[in-house]
Structure formats: structure tokens, C-alpha cells
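The values are calculated or read from the model by the stated rules, or taken from the named source; none is laboratory data. Since the structure is predicted, the reported quantities are computational estimates derived from the model, not experimental observations. Backbone-built Cβ (ideal geometry, glycine too); neighbour counts: all protein chains shown. Accessible surface is based on the protein model in full, side chains and every heavy atom, while ligands, DNA and RNA are left aside. Shrake-Rupley method; radii C 1.70, N 1.55, O 1.52, S 1.80 Å.
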Amino acid sequence: MKKISPWKITIIPILMFGFGFALVPLYDIFCDVTGINGKNYSVMSVFDANAVNENSQKIVTLQLLADADSRDVWQFTPEKKRIDIQAGKMITTYYEITNKNDFPVTIQAVPSVAPGEWAEYLVKIECFCFNQQTIPPYEKIKLPLQVTLSAKAPEEVNHLSLSYRIYQSESLGGTF
Amino acid sequence: MTRVGISALSALLLLTSSHSAFAEWGLNMTEGVTRISHEVHDLHMIIFYICVAIAVAVFGVMLYSIIYHRKSRGAEAANFHESTTVEIIWTVTPLIILIAMAIPATNTLIDMYDNKDAEIDVQITGYQWKWRYTYLNEDVDFFSVLSTPQDQIDNIAEKNENYLLEVDKPLVLPINTKVRFLLTSKDVIHSWWVPELAVKKDTIPGFINESWAIIDEPGLYRGQCTELCGAGHGYMPIVVKAVSKEEYKIWVTQQAIEQAAAKEVKDMSFDELMAQGEKVYSTNCAACHKQDGSGMTPMFPALKGSAIALGDIDKHIEMVLDGKQGTAMSAFAEQLSVSDIAAVVTYERNAWGNDKGDSASPKYVKELKDNKK
Amino acid sequence: MSQEGVSQEMPHDDHHHGPDKGILRWLYTTNHKDIGTMYLLLALGSLLIGGCMAFVIRAELFEPGLQLVDPNFFNQMTTMHGLIMVFGAIMPAFVGLANWLIPLMIGAPDMALPRINNWSFWLLPFAFGMLLSTLFMEGGAPNFGWTFYAPLSTDYAPPSVTFFIFSVHIMGISSVMGAVNVIVTIFNMRAPGMTFMKMPLFVWTWLITAFLLIAVMPVLAGVVTMMLMDIHFGTSFFNAAGGGDPVLFQHVFWFFGHPEVYIMILPAFGIISHIISTFSRKPLFGYTSMVFATSSIAILSFIVWAHHMFTVGIPLAGELFFMYSTMLIAVPTGVKVFNWVTTMFRGSMTFETPMLFAIAFVVLFTIGGLSGLMLAIAPADFQYHDTYFVVAHFHYVLVPGALFSILAAVYYWLPKWCGRMYNETLGKWHFWLSFIGVNLTFFPMHFVGLAGMPRRIPDYALQFADFNAIVSVGAFVFGLSQLIFVYNIWRTTLGNKGEKATDLVWEKPTGLEWTALPSPVPYHTFQEPPKVD
């Protein structure tokens, strides 16, 4: 039998180890393509002429939701329960949140979109979920959200729901 | 073993003699009360019959061989062992059958995913171990908890007809109306299933899922949680009460008034508090802390003789109001009314030999709660 | 079992030293037959322990209401029953059979990596010892189901979950090493003339199984490691609070889990092919198509995982893809069943115990396969998912499927291994009681499932009561009848009862283990490779 040099064999574990890291972008691509989990919402940092097209007439109702537990603990509620969004028209709306503690808290909002496969057509220009927010003790503050509909949204996109859940970031074990 | 034998025999007898016991559910999938559930049922029956036909053909040939090609009958073994033609035939034929099955299945699935144009949106949140229904376009928001008494589960009292399938407050929905369900969870994954609506969707913490139903007939439709969610998984049923559109409107107005009234604070005597407290306790607390307050250590501490139930009353009330971070103890501040909280705290301090003697008034609970804000 | 083989040591065997005596023989052995025996005994032990857990479950479910255990302990029982049966009974039993049979079938003197073989066995008692010890820990054993979905198995798990993770790691290492061993043996140690397309089907199916094991056991190790990190090191793979996703767990788990299901059934296909051919006195119909069908099932098993997750809310396109790919598996599986039936057709059949189990396998596995096809239809699966219908389905493929094939294999090859025939009357009793018991247990589960009974509940509504009583009775009949099997094996091997087996054992079996070796097989075999033409 042909002898294989140990150097060649060591390449295999190195490749396998590398594949482990390659899985992260692969999983992202997989979720992007299939729309699994509704995590592929678009974030627009630069003005994107494709996404913001003033000519598009399509109007979609966006339902704004707050997670039940976040409503209980933070009195976290959307200012408007539903808004109409149109491609190219930016809409700003607010969520309200109250800190009932006598100390400031830092929170992170985690969004989720239904139906998940259409999440990419909901374009967030500005969202309180991009960063952690610190709320002073006993204060009620407004959290801004600026959204629009992507002009790429196909005809069958007819409704969207956006929900947030609030997590206190101290309880996250410092992962941020 | 004899008891088992007798029970088995009587069970078999029951099977053959009377079908009334499962007339409502039958042996088969329910046809349900929505267009989708009918489609699913029809699909199920078509696949079932195809499977039966395949089974009959395969088992028929097998049985024939077993009977006629046995050595004891003097059968001589043939020696054929290959035929590409035959292999191709029995690869292609099933493929065609499968394609024929896939077409109606695809159509039904596309239908099921058509979530648009709902008239009513209900947010369903799974909790360990109860459901919360929030009507997004109305001021109605409530918990729905198993109402079967613990005595029936523990075989002390006789079990009633809807044992384990009954709740204190059903989800009320109008008929002939497209209702969208937005499902999520507070803690672990649950799954909301009502067979008659053919709706089963997992509720996932931090994520929302969608589903919908248009109910054709008024009635009570019962279901259960179908994703293992801990010790109380078998004890979080779902009841949907479908009513006419007019009744639904009346119900919504009543609910809004009732929920507002529940926020009002009234004075209650010690006995009233204890009586109400026992009710609140058995629906909201007994699943973990047990009916007799003994708990299930170490996950769910005992309340009988506990430091909190016998200690400072403010700490006790705060524990019920805010829950305990990182444990299964949830915050009841918004789940229960102040009088319910006052009642259950009083009950916990004075039941099962915890004779602390003091009580919490609804007013005092409200003060504590408001001060927190 | 092979003590007798020692006494028949061949005179020309000059370098041979006999096995050590006593416990050391078993600790130090690198002999594939000894290791095979130990694997099979471990599997038998796990089967009995897992069976006792099933007894607890069925006793509690005999009547509505809580009688014997509390819901938390009930969940521990369902979890441990699943884990013990999958990882402790079925998988080690197949590895044991592979150890015994692959060298004999391909004409090799032993497995290629005998020391790794010893180690991969001896890891297992420690893995299962640790898993079982969690039952006595504070907070109890794992109670989140054998599928251990996050976050129930992470943020909400009992402290013993860490021990569970460690024991899964050890089992995984053992399985991967066993699989490497099988592949290396088959690739390098075949007797001259034994080409791939001449290999017995059991060897073929195990070769494919071994590749599946190597592909997916690391995925399982990965997913439990992610759990471990979430629990102890503050990561958030499965926690939405940190940007993670509980559904990711299910994707990774089932990417392991579905091939795992085939790991538990492919070797069974090989076993059944041998037995049906022998007792029909006819060569297996469609050997080549069997090899291709097995390979395509293995390949398809990697692209169907999300059919376990139709209700988690995957998008329509995903749902359709996984529905179609799952339905496709019915084609190669059908080919196998048709081949077996055609092998029986115009044969000259006799019905010894192995054949009875093999015929029951074909019938009942087909029923399980057909209910699997029903489950593949996504819209209908919304009604079946996580009900007793699913429980009925996978028990039909795993109990009268995998388990019956293992029982059939033991009856079939035991005379070869120990040189004595098992007691045929007891074998028939065992078969018929098992057959009736299995159907009494698992058939009514289809009905209660369709009628709406969710799985993994400790107590149920009254309309399910009659069927559950029958199911419980069936479970006890089935469970207790396995004691006949244990007794039959004991009296044949250690009890030295039963008539002596001939070298061929059966009338006209094919394969090196029958034609080239005496019964019982000597402790060392094929030190000179046999010639295969």
C-alpha cells in the first residue's frame, strides 16, 4: 500500500478545524437564503438607492408588538399598534419603556419578524435594538424606531409583524 | 397481574360493545371545524388509503409465498436473483405515486401559509405551564390555566368528563372570521395545538410565529401543549370557545369592563381572602409548589414552613409581585389582580399549619406595587 | 461464550497464547469475538434497564390520574428510556454484531485496530454508569426528553445535565472509534478475491453506517458542547437574549438525529437480507440494488432533518423542500422491501426462530415505514407531530425493526458462535409473545395519537383511557417475554444445553462464516486468509 506522509495527514485536521469556523458564515448564508428564523432583517447604514425607491406605491401594514413578559416587567409597549409602511417612505415610531427600579438599568431589545422569510424586506434605518439602552431609575423613556419597506419586496408581501423582547443586559453573562 | 388482566379484558369488552366513550374523538384524526382542517383530514385519508393499498399488495405477495412456497409443502426453491427491469419498475412506480401525493399536499401547505388579511390578531404566549392570550386590537389580555382540581389528578375525587382538558378562561373567538395567531413564549418552547383547527405551532422564546384559522361552527374545541416543556407539560390545555360574531362583540366589551374592575381595590375580610387565596393558589401555584405547599425540591421550594411565608410580609408580597430572576418563579404583578395577590399571600401564610396569623390587604399590596413604580 | 473455542486450539498455532483468565481476560482482550460478546452483553443489560424504565412509564399511564410517580420523575423516565435504548441498547448491539461478524464474513483474522476496539468498548460502561448515576443526584436525572431541546435542557435543566453532556461525549468518542475500526477493517482486511461487490450485505450496510457515524457523531458532540458553553461559560448559542436562537439547537440536533435513525436501521437491513435468503433457500434478490438503495438512503438522510421540525415555523420553501426530500426516501426503502418479498417468492421456506423474527421485521417495519411516509406530508404532520402517532411510528421502526433484527441475528449466528443450538420451542414462544406484545403495545398508539394525545405527558384525558390500558398490558407482555430470550441464551451458552450445531448450522447458508469455519468458531480465525472465488 502507498504510504501517506504524516504531513499530509495533518492537513486534514487543520481543514476540519477551519471548517468549524467556516460554518458561521455558511449558517448565515443558509439563513439568508431560506429565511429561517426571521433573523435576516435588513439594516441600512448607508443610503441604498435600491431599497429606497420613491416611486414604489406598495403599502404594507406593519404590526408592532411587545413581548408579553417585557410588557409585564418593563411596561414596554409600542406607541402605535400598527403602521402602514411604503417603499421609500421612512416612518418613525416609538416604543415606551419604564424602569421601575431605583437604579439605572441597561437593556437590550431583541427583535423578531413574522413571517420570517419576509424579514429582509423590512428595512430598519434606526432602531433602539441596534445598541444597548440605559434607562435612569424610575424613568419612562421613548425608544425610536425608523423603518421602511424595501422596494425589492415582491407582490406577495402583504403583512409584517415586528416584535421585541427586552432583556436586562446584566443577566446576559457579559456576552455583549 | 389479575387486576391488570381484568382491566384489559373489560377494556377490550368496552371496545367491542360500545363506542360512545370515544364517539367525540374516534379512532381517527378529527375532521375539525375549519376549511384547512377538512383539507388536512382528506389528505390524511388519501395517504392512509394509499398506504393500506401498498401494504395489502406487499403483504399479500408475502403471505402467498409463506403459504405456498414453504418447504413442508415440498416447494422447490427457484434460483432467480436479479432483474434490472423489475428493479426499475418498482423504483419508478412508487415515484409516480409519491408525486401524485405531493401535489395536493403542496396545495394545502400553501393554503396554510397564507396568513394575510386577518380580522383579529391574538398574541399567544406560552408560560410554564399556562397560556396567555392577548387580543392585539382590544383591551383584553388574560391567562388561561388548567381548571381540573388537583384532587381529581391525585385520584381522590372522581374525574369529570373534561379531565385535564378544561381551563378557567377559554380563548373566545368569533366564527367565520379570519383570526391570526402570533405565537411566542416566555420561557421554554411550547407548542399550541387545537386538533379541530388543524393549528399546531411551536412557541419559541424571543421569536414570533404565525398561524391562522377561520372557524366554521360555534363550539368548544380542546387541545393541549405538544412540546415537552417541563414537569407541567401535561397540565396546560387549550380551550377555544367559538361563538357568533355578535356574542364575541358582547364578550369583548364585558371583558374590558371586567378587567378594568379587577384593577379596583376593595376591602376583604380574612375569610374572604383565605377562600379566594385557595382558588388562586391551586390554579397558579400548586403545579410547582404542590397543593399541600410541600414543593418539589430543589427546583420548586416548599412554602410550608418556608422562611419567606413565615417571614417579613413585604418580602413575601414582593416575591409574588416580581418573581425571582433566574428561576421558574415568574412575576405575578401583571398576571394577577392586587386582590388575588393579597389573597394568595394571606393563604400561603396561614394554610398547611403556617399559622402566621397576619394577612395582606389588597390596598397594601397596591401601595407596595405603586411604590415600585 | 467462546471458551469452547479455546479448547479447540489448532495445533499449528505456534505463536498463540490463550486468553487471560478471569476478569483480566475481558479487561485486556483485543479479540474481536470477546469484544463483540461484551458489546452484546452491555446492550442486553441496557435493554433490560431501559425496559424497566418503560415499565414505569406504562404503569403510570395504565390509568388516568397520577398513581406511581410525579410528573418530573416521569419526564426523567421517558428521557432516560430513550437515551438508554438508543445509545445503550441498539447501537452497542449492532457494534457487537459487527465485531463478531465482519472479520468472519470478510475472512480477516481480527478487526484492524484491536486496541482501539478494546478502548471503545470499555469507554461505554463508564459513559452509561455516569448517565445512570444522574438518577440519584439532587435535582434528578435529565428530564428534557432524549431530544434535549434547548432552552429546556440549558437554562431550565437540572444540574445533572453536565454529567449527561459528558457521558454523551464519551459515547460519541466510542462510536467514532468503533466506526473508524469498521471502515479500516473492511477497506484493508478483506480476503483475497473478496471484492466490494462480493461483500455480504451485513458488511456493506455496516460500512455505510460507519460513514454515517463518523459524519454525525461530531455534530452531536458539537451540539452538546454548545449547550455546555451556554450553561457554564456565558455564551448564547441557544438563548435569544444574547442574540442566539433556540431553533438553531433543533437544526443541529436533527442534522445528527436523522442520520442517527438510519445508523440504527441500516445494519438491520443487512441482517434481514442474510436470514431471509438462508431460510428461503434462495439467493437474495437484487443484491446490487440493495447496495445502491442503502447508499441512497444514507445520502438522503443528510437532507431531510427539518421534517422533525415542521411546526417550528420554517418558511414555506423550506417546508416544501424537506417534505419532498423526505418522501423520496420511501423509494429506496420500498426497493428493499420488494427485494425481500421477491426473495421469499418461489423459495422453499422454513420458519425457524430467526426467520420468524425476520418476517415480522419485514411486515412491521413496512408498517412503520408507511406511517413514516404519512408523517412526511407536512400539512398532515401538523396534526401528527409530537403525538402518540409519532411514538407509534418510531417504535414500529425501532422495536420490531432494529430490535427484532438484533434478536434474529443472535438466534441465527449463536449456534455458530457457541457450537450449540438454542432451544427452538423457547425461541418460538419468545417470538410469538414478542410479536403479540409489540403489536398490542404500539398499534393502539396510532389511534390515541390520531385522536389527539400528545407524547411525553404523565397523565391524560379520559377518552384515551381504554387504549392506554391495552398498551400498558401489551408493554408488560412484550417486556416480560424478553426474559425467555435471556434464559434461552443462558442455557445455550453457559448452561451448555442444546444439541451440537453442525459446521454449516443451517441447510444451505452462504458466507465464509458458515462454509469456511467449524462450529463453534475457534478463538482465532482466518490466520491464513481464505480464498474467495
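Side notes on the structure shown:
- Residue within the stretch C:229-245 that is more than 14 Å from chain B (Cβ to nearest Cβ) and closer than 15 Å to C:Ser295 by Cβ present: no
- Residue within the stretch C:65-83 that is at pLDDT 95 or above, within 20 Å of C:Phe166 (Cα to Cα) and open to solvent by 30 Å² or more (accessible area, probe 1.4 Å) present: yes
- Checked against the criterion of being in a helix (DSSP H, G or I), at pLDDT 85 or above and within 14 Å of another protein chain (Cβ to nearest Cβ), the candidates B:Gly223, B:Gly234, B:Gly230 yield just one match: B:Gly234.
- Qualifying positions in the stretch B:72-106 - polar (S, T, N, Q), open to solvent by 70 Å² or more (accessible area, probe 1.4 Å) and at the interface with chain C (Cβ under 8 Å from one of its Cβ atoms): B:Ser72, B:Asn79
- Beta carbons closer than 6 Å, at least 6 apart along the sequence or on distinct chains, pair a first residue in the stretch C:51-70 that is at positive phi with a second that is open to solvent by 50 Å² or more (accessible area, probe 1.4 Å) for C:Gly65/B:Asn155.
- Residue list for the stretch B:45-71, restricted to those being outside any strand (DSSP E or B), within 7 Å of another protein chain (Cβ to nearest Cβ) and not aromatic (Phe, Trp, Tyr): B:Ile47, B:Cys51, B:Ile54, B:Ala55, B:Val58, B:Val61, B:Met62, B:Ser65, B:Ile66, B:His69, B:Lys71
- Evaluation of B:Glu119 against (1) open to solvent by 70 Å² or more (accessible area, probe 1.4 Å); (2) touching a strand residue (DSSP E or B) at 6+ places or on another chain (Cβ under 7 Å); (3) at the interface with chain C (Cβ under 9 Å from one of its Cβ atoms) (one fails), failing number: (3)
- Flag for B:Thr134 being assigned to a strand (DSSP E or B), free of Cβ contacts under 8 Å to residues at least 60 places away in the same chain and surrounded by 18 or more Cβ atoms within 10 Å (Cβ to Cβ): yes
- Take the conditions (1) surrounded by fewer than 24 Cβ atoms within 10 Å (Cβ to Cβ); (2) at pLDDT 95 or above; C:Phe357 misses just one of them, which is (1).
- Residue identified as modelled with pLDDT of 90 or more and away from every other protein chain (no Cβ under 14 Å) among B:Glu246, B:Glu272, B:Glu210, B:Glu258: B:Glu246
- Residue in the stretch C:238-245 that is modelled with pLDDT under 90, open to solvent by 30 Å² or more (accessible area, probe 1.4 Å) and over 25 Å from C:Pro158 (Cβ atoms) present: yes
- Some residue of the stretch A:158-170 being modelled with pLDDT under 85, surrounded by fewer than 21 Cβ atoms within 10 Å (Cβ to Cβ), farther than 20 Å from C:Asp245 by Cα and small (Gly, Ala, Ser): no
- Qualifying residue in the stretch B:178-190 (condition: facing chain C (nearest Cβ under 8 Å) and basic (Lys, Arg)): no
- Subset tally (residues that are more than 7 Å from chain B (Cβ to nearest Cβ), among the hydrophobic types (A, V, I, L, M, F, W, C), in a helix (DSSP H, G or I) and crowded, with 23+ Cβ neighbours inside 10 Å) for the stretch C:437-464: 5
Okay, residues lined up against (1) outside any helix (DSSP H, G or I); (2) free of Cβ contacts under 8 Å to residues at least 60 places away in the same chain; (3) over 22 Å from the mean Cα position of the chain (by Cα); (4) away from chain A (no Cβ under 14 Å):
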site	(1), (2), (3), (4)
C:Ile272	no, no, no, yes
C:Ile276	no, no, no, yes
C:Pro283	yes, no, yes, yes
C:Phe310	no, no, yes, no
C:Val331	no, yes, yes, yes
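- For C:Phe211, the stated conditions hold: it is open to solvent by 30 Å² or more (accessible area, probe 1.4 Å), part of a helix (DSSP H, G or I), more than 14 Å from chain B (Cβ to nearest Cβ) and touching a residue at least 40 places away in the same chain (Cβ under 8 Å).
- Pairing residues of the stretch A:121-143 that are part of a loop (DSSP other than H, G, I, E, B) with residues that are open to solvent by 80 Å² or more (accessible area, probe 1.4 Å) and not β-branched (Val, Ile, Thr), at Cβ distances under 6 Å and at least 6 apart in sequence or on separate chains, gives A:Pro137/A:Asp102; A:Pro137/A:Phe103.
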